[in-house]
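A short worksheet on the structure shown next.
What follows draws every value from the coordinates through simple rules; no lab data is involved. In this text the structure is predicted, and so the values were computed from the model without any measurement. Every residue, glycine as well, gets a Cβ built from its backbone with ideal geometry; the counts of neighbours run over all protein chains shown.
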Amino acid sequence: MSDLDGRIGGIRVGYDLNADWNGTQLSGRIGGHLEGKDIRLSLNGDRVDGRVGGLIGGFDADGKLSATELKVRLGGMVEGDDVRATLTETSAEGRFSGRIDGKDLRLELEGNRLHGRIGGVLNGKDVNVRVDGVPLGLAVLAAVCAYKALEDHEAGEQREDRGE
């Protein structure tokens with residue numbers, strides 16, 4: 001069994017990512033025991049699908065993953081985000097969410113460390129994850145799922161602060 005573990009974001013504002021890969025399914029946890037979500041992603045040929053979180057407060061993942069391209073929808077058709085990235089053996093570059101309101105995605109694989117940034121200097125999060133035998137595209141997707149879960153959590157806290 002292979003695994004994926006590390007952190008999306010910083011020490012104070014960030015989520016851990018810990019998952020096991022059995023050759024067809026990546027399963028584990030994003031965040032902590034209380035403020036976290038389960039992650040389950042399945043890869044069958046070039047099809048990837050799965051779920052992050054539960055029935056309430058979670059989101060689906062559905063799309064395609066090849067050696068050179070990642071095209072996945074996170075969430076539903078109305079309230080969801082696209083992930084599109086071009087993959088090489090050691091990098092992923094693309095976009096998360098929309099053209100206007102989205103975030104750039106730039107990740108590098110050096111040895112067994114996947115690192116880089118999702119988003120810009122001010123509104124982005126660092127990625128630092130150990131990848132042990134997990135396909136690069138799936139590791140990138142898991143990192144984006146962790147980013148989205150963290151972003152959704154932060155948006156919920158802001159709504160609570162405003163009394164919504």
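Only one of these is acidic (Asp, Glu) and in contact with a Ser or Thr (Cβ under 8 Å, 6 or more places away or on another chain): 151, 89, 93. Name it.
93
Among all residue pairs at least 6 apart or on different chains, which show Cβ distances below 9 Å where the first residue, located in the range 79-101, is without any contact (Cβ under 8 Å) to a residue 40 or more places away in the chain and more than 15 Å from residue 147 (Cα to Cα) and the second is among the basic types (Lys, Arg) and surrounded by 12 or more Cβ atoms within 10 Å (Cβ to Cβ)?
91/106; 93/106
Residues being in a loop (DSSP other than H, G, I, E, B) and either surrounded by 13 or more Cβ atoms within 10 Å (Cβ to Cβ) or touching a Gly at 6+ places or on another chain (Cβ under 6 Å) (or both): count how many of those fall in the range 25-55.
2
Is it the case that residue 83 is touching a Cys at 6+ places or on another chain (Cβ under 6 Å) and aliphatic (A, V, I, L, M)?
It is false that residue 83 is touching a Cys at 6+ places or on another chain (Cβ under 6 Å) and aliphatic (A, V, I, L, M).
Which residues, counting only those in the range 108-152, are of a type in the set (A, V, I, L, M) and without any contact (Cβ under 8 Å) to a residue 40 or more places away in the chain?
If the condition is that a residue be of a type in the set (A, V, I, L, M) and without any contact (Cβ under 8 Å) to a residue 40 or more places away in the chain, then 109, 121, 122 are the ones that fit.
Of all residues in the range 3-24, how many are more than 16 Å from residue 48 (Cβ to Cβ), touching an Asp or Glu at 6+ places or on another chain (Cβ under 7 Å) and surrounded by 15 or more Cβ atoms within 10 Å (Cβ to Cβ)?
6
Return the residues of the range 80-101 that are surrounded by fewer than 17 Cβ atoms within 10 Å (Cβ to Cβ) and not in a strand (DSSP E or B); say none if nothing qualifies.
Correct list: 88, 89, 90, 98, 99, 100, 101.
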